[in-house]
1. Which numbered condition in (1) without any contact (Cβ under 8 Å) to a residue 12 or more places away in the chain; (2) open to solvent by less than 70 Å² (accessible area, probe 1.4 Å) is the only one that LEU115 fails?
2. Could you check region 48-60 and list, in sequence order, the residues that are part of a loop (DSSP other than H, G, I, E, B) and without any contact (Cβ under 8 Å) to a residue 40 or more places away in the chain?
3. For GLY63, indicate whether it is in contact with a Cys (Cβ under 8 Å, 6 or more places away or on another chain), outside any helix (DSSP H, G or I) and either open to solvent by 90 Å² or more (accessible area, probe 1.4 Å) or at pLDDT 85 or above (or both).
4. So which residues in region 1-47 are in a loop (DSSP other than H, G, I, E, B), open to solvent by less than 50 Å² (accessible area, probe 1.4 Å) and among the aliphatic types (A, V, I, L, M)?
5. Considering each of HIS131, HIS123 in turn, give the residue that is assigned to a helix (DSSP H, G or I), under 30 Å from HIS7 (Cα atoms) and at pLDDT 90 or above.
Amino acid sequence: MPIAREHRWLYPIDWYELSTFIRFTRAKGRCEHCRRPHGRDVLHLGDGMWWDEEASRWRDGRGRAVPALASPAELARAQPGFVGIGAPAALRVTRVVLASAHLNHNPGDNRARNLAALCQRCHMRHDADEHRRRRWRNAFRTRAMGDLFA
């Protein structure tokens, strides 16, 4: 996720190196919440469950193995044309991109324990409350400016 122009000054000059260390050295190229691998296309069901090619099994949104589902190939063979959870028509493909996220939402706090390598899904879920707060603040500011000049 690109850094917003108004927040760029909060990040250290060596942010790229720090982010690279967190994502690829410490996290070994996997999301630290759900274990999705960086730079790969991943099959998922849209509810957080995704197909781990390396382990040949489904994983939930926290990276734990889900034993009850068949592989995507077995689902396609067993139920051609079936539409529903776990069916081939319900499968989606997403390219995973890791980003370094600030766990306390403070871009000035760049300690290693405050940074995590997160895929885009986990990053958006982690920042959801912060995004909601910012949307409310921006809408409030827009309405206030309208009241001021109306």
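The values are calculated or read from the model by the stated rules, or taken from the named source; none is laboratory data. Just so it is clear, the model here is predicted, and its values are computed rather than measured. Positions of Cβ are backbone-derived with ideal geometry, glycine not excepted, and every protein chain shown enters the neighbour counts. With ligands, DNA and RNA removed, areas are computed over all heavy atoms of the protein, side chains included. Shrake-Rupley method; radii C 1.70, N 1.55, O 1.52, S 1.80 Å.
1. (1)
2. As a first pass, look at region 48-60 and keep what is part of a loop (DSSP other than H, G, I, E, B): 48-49, 53-56, 60.
Answer for region 48-60, where residues must be part of a loop (DSSP other than H, G, I, E, B) and without any contact (Cβ under 8 Å) to a residue 40 or more places away in the chain: MET49, GLU53, GLU54, ALA55, SER56, ASP60.
3. Working: in contact with a Cys (Cβ under 8 Å, 6 or more places away or on another chain): yes; outside any helix (DSSP H, G or I): yes; either open to solvent by 90 Å² or more (accessible area, probe 1.4 Å) or at pLDDT 85 or above (or both): yes.
The answer is yes for GLY63.
4. ILE3, ALA4, ALA27, LEU45
5. Working: HIS131 fails: at pLDDT 90 or above.
None of the other options fit; the residue is HIS123.
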